[in-house]
Ligand SMILES: Nc1ncnc2c1ncn2[C@@H]1O[C@H](COP(=O)(O)OP(=O)(O)OP(=O)(O)O)[C@@H](O)[C@H]1O
Ligand SMILES: [Mg+2]
């Protein structure tokens with residue numbers, strides 16, 4: 001009988017399968033506590049693709065809105081607003097989405113609902129503003145829109161946190177804004193956060209918190225939009241999981257699997273260590289490798305052989321991850337096997353700096369090819385040039401480096417002898 005595979009390589013993990021990140025959860029909980037008590041602080045969470053940013057949000061959200069008790073504090077009672085930025089999101093659309101989300105969340109708070117329905121509708125206000133500011137510059141229009149939006153937000157927050165309400169007062173509002181790296185220049189995201197947070201305080205509204213999430217390049221985007229926008233955030237950089245947590249993630253997945261399947265699946269300790277070693281703590285790799293090993297195991301116990309097959313077989317975990325994330329960079333952006341060899345040599349050092357001379361020593365071809373490869377790979381931003389040292393380069397992303405390494409190992413070790 002076929003079993004349900006409990007691993008989740010393609011979605012943020014559910015809180016029940018989530019492991020680690022204790023430092024980050026503590027820091028975010030502390031901020032919720034501060035914000036609830038009128039000392040708001042905001043977070044920017046960055047990290048490479050698949051490192052677990054959205055999964056972390058998935059754990060913090062139920063803590064913020066009180067579905068789950070916090071680790072360190074009492075139960076929180078924030079209104080949480082979830083937003084995902086796309087390249088098409090404009091400032092007006094963003095504010096409309098916030099208005100819509102608030103309307104849904106405030107259904108049961110009469111005063112807030114009245115305010116939203118009778119006093120304030122953003123679309124109407126934008127139209128009024130548009131007619132008023134026809135002759136003004138677009139930057140003035142931006143300021144007017146933000147000013148109006150902040151007034152609305154501050155009023156709503158005061159209503160819902162008011163202890164004289166018939167309903168239980170809320171702790172405030174938390175905005176969870178994912179994929180902020182996708183923002184277009186027209187969204188003026190850095191400017192928006194800087195202005196909104198400052199104006200909220202001027203309006204005496206101190207119970208609103210922003211948690212913004214994105215790839216590392218979001219820092220550059222925010223700074224380009226407003227050079228001091230980064231100052232309003234505490235910055236959390238999400239890194240790989242430790243080997244212990246990597247093994248624990250496998251255990252948790254199996255535990256859930258064993259609850260939903262009638263037949264039990266176990267894993268040998270060597271197989272678990274192999275998943276942890278091969279994945280180097282990258283959550284997306286842990287989940288995909290575990291998923292594929294689970295598929296290969298037939299006798300109820302996952303062995304190292306199942307893991308190796310699951311990862312390296314043609315069409316297995318490496319190919320699945322490659323298709324989703326890396327084939328474009330590896331096969332389409334790089335047109336030469338020589339350049340791919342240079343990349344593989346560099347990936348042996350993951351994403352640490354590598355001297356050009358070291359690459360020369362290991363490369364099986366003419367010196368000028370290395371020079372050309374470094375030029376082309378740099379121009380495509382696949383590798384970076386060390387700004388403070390000549391002739392040093394590194395891969396931009398560790399996840400990509402890991403994949404290139406494993407892909408190279410597959411070519412060397414498994415191209416002929418791994419079979420379904
Ligand atoms: N703490 C964790 N414990 C167990 N598995 C995790 C954890 N964090 C992430 N994962 C797994 O890793 C994968 C990537 O997670 P997630 O989607 O949260 O990453 P992300 O950083 O948001 O990625 P992206 O940059 O593509 O949006 C998912 O398969 C998820 O199940
Ligand atoms: Mg994500």
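Computed over all pairs of different Cα atoms, the Kirkwood value for the hydrodynamic radius of the chain is 24.1 Å.
Averaging 1/r over every pair of different alpha carbons in the range 21-237 and inverting the result gives a Kirkwood radius of 17.7 Å.
Over the residues of the chain, the helix contribution to mean residue ellipticity at 222 nm works out to -15000 deg cm²/dmol, using -39500 (n - 2.57) for each DSSP H run of at least 4. Looking at the chain alone, DSSP beta bridges between its own residues are antiparallel in about 20 percent of cases.
Taking a ≥ b ≥ c as the square roots of the eigenvalues of the alpha-carbon gyration tensor, the range 326-414 is classed rounded because a/c is under 1.5. Between the Cα long axis of helix 22-36 and the first principal axis of the chain there is an angle of about 10°, rounded to the nearest 10. For the range 243-303, the direction-averaged projected area of the alpha-carbon convex hull comes to 3.6 nm².
Dividing the Cα convex hull volume of the range 1-85 by residue count, how many Å³ per residue is that? Kindly include the intermediate steps, with their values, before the conclusion.
Details: hull volume 11.2 nm³, N = 85.
Convex hull volume per residue, Cα atoms: 132 Å³.
The angle between the Cα long axis of helix 138-161 and the main principal axis of the chain comes to about 80°, on a 0 to 90 degree scale. Against the main long axis of the alpha-carbon atoms of the chain, helix 269-279 sits at an angle near 70°. Considering only the Cα atoms of the range 252-355, their convex hull presents on average a projected area of 7.9 nm². Simple spin-label estimate for residue 158 and residue 2 gives 5.9 nm between the two label positions (7 Å along the Cα-to-Cβ direction from each Cα).
Bear in mind these aren't lab numbers, they're just calculated from the coordinates by the rules spelled out. All of these numbers come straight from a predicted model, not from anything done at the bench. Glycine gets a Cβ as well: all are built from the backbone with ideal geometry, and neighbour counts include every protein chain shown.
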